[in-house]
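Enquirer: If you scroll down you'll find the structure; I have some questions about it.
The values are calculated or read from the model by the stated rules, or taken from the named source; none is laboratory data. Predicted model, so just to flag it, every value in this text is computed and none were measured. With ideal geometry, Cβ positions are generated from the backbone for all residues, glycine too; neighbour counts draw on all protein chains shown.
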Amino acid sequence: MLRIALLVVAVAIIIFLVPRLLAGSRVAIPVPGSAAPSFMLPSQEGTVSLQDYRGRWIVLYFYPKDQTPGCAREAHNFQLDQSKYAERHAVILGVSVDSVDSHKKFCAHEGLNFKLLADSDGKVSKAYGSLTNLVVVKFASRHTFLIDPSGKVARAYTSVDPARHSEEVLAALDQLQKR
């Protein structure tokens, strides 16, 4: 009977306390119409900043980990659609807390030719409300921000299906560019 009571207490703590602790460490996600948080991060090809792409659309996507199935699928779909993004004057930038070396290996292994940014300290992921901190491990949440040519957030995606996300972003770009 005591074991059951302890189990119930443990489950209650997990259900009610842990999400509140994690929520307290989150920063609000930038909302459409707000200025995109500025950044300067190393990539597999050199340092990249938000300002480098002023005047172009930016697909800034955050992903948890190089060399994982969901992240590889999402990256492949963005890679396959590169010409469609170029037609829309958009650039794709991936961000994770992995290192530049990890990004180089991921790009070589997966045949990616767009830039992956190394947010090793998690500051940029946090500024975009996209850092998950589980105390012993930190990773970027799977979020995407579509940033307009003036540097404002046009769309924010916090529920991303890696298999269909590139299509979703392309459709949003079409809709936004018609305005």
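Enquirer: Please verify whether Thr144 is closer than 14 Å to Leu60 by Cβ, surrounded by fewer than 17 Cβ atoms within 10 Å (Cβ to Cβ) and among the β-branched types (Val, Ile, Thr), treating the condition exactly as stated.
Expert: Values: closer than 14 Å to Leu60 by Cβ: yes; surrounded by fewer than 17 Cβ atoms within 10 Å (Cβ to Cβ): no; among the β-branched types (Val, Ile, Thr): yes.
So Thr144 fails the test.
Enquirer: Before we move on, is Leu112 more than 24 Å from Ser38 (Cα to Cα) and modelled with pLDDT under 95? Let's see the steps before the verdict.
Expert: Values: more than 24 Å from Ser38 (Cα to Cα): yes; modelled with pLDDT under 95: yes.
For Leu112, the condition - more than 24 Å from Ser38 (Cα to Cα) and modelled with pLDDT under 95 - is met.
Enquirer: Looking at Gly46, Gly33, can you tell me which residue is surrounded by fewer than 18 Cβ atoms within 10 Å (Cβ to Cβ), out of contact with any Pro (no Cβ under 8 Å at 6 or more places or on another chain) and either closer than 18 Å to Tyr128 by Cβ or among the acidic types (Asp, Glu) (or both)?
Expert: Details: Gly46 fails: either closer than 18 Å to Tyr128 by Cβ or among the acidic types (Asp, Glu) (or both).
The match here is Gly33.
Enquirer: Filter the strands (runs of 3 or more DSSP E) completely within the range 78-166 down to those with at least 2 residues that are free of Cβ contacts under 8 Å to residues at least 60 places away in the same chain and among the small types (Gly, Ala, Ser).
Expert: 90-96
Enquirer: Any idea which of Ser150, Ser166, Ser125 is under 14 Å from Ala36 (Cβ atoms) and surrounded by 18 or more Cβ atoms within 10 Å (Cβ to Cβ)?
Expert: Ser125
Enquirer: Sticking with this structure for a sec: Are any residues in the range 23-47 among the β-branched types (Val, Ile, Thr) and modelled with pLDDT of 95 or more, and if so, which ones? Break it down into steps so the answer makes sense when it comes.
Expert: Taking the range 23-47 first, the residues among the β-branched types (Val, Ile, Thr) are 27, 29, 31, 47.
Across the range 23-47, the qualifying residue is only Thr47.
Enquirer: Applying the selection to the range 41-79, what residues are aliphatic (A, V, I, L, M) and out of contact with any Asp or Glu (no Cβ under 9 Å at 6 or more places or on another chain)? Don't jump to the end; show me each part of the working.
Expert: Applying the first criterion (aliphatic (A, V, I, L, M)) to the range 41-79 yields 41, 48, 50, 58-60, 72, 75.
Val48, Leu50, Val59, Leu60, listed by residue number.
Enquirer: Among the residues of the range 65-95, count how many are farther than 19 Å from Val169 by Cα and either β-branched (Val, Ile, Thr) or crowded, with 18+ Cβ neighbours inside 10 Å (or both). Talk me through it step by step, then tell me what you get.
Expert: We begin by selecting, within the range 65-95, every residue farther than 19 Å from Val169 by Cα; these are 65-69.
Keeping just the survivors that are either β-branched (Val, Ile, Thr) or crowded, with 18+ Cβ neighbours inside 10 Å (or both) gives 66, 68.
Of the residues in the range 65-95, 2 are farther than 19 Å from Val169 by Cα and either β-branched (Val, Ile, Thr) or crowded, with 18+ Cβ neighbours inside 10 Å (or both).
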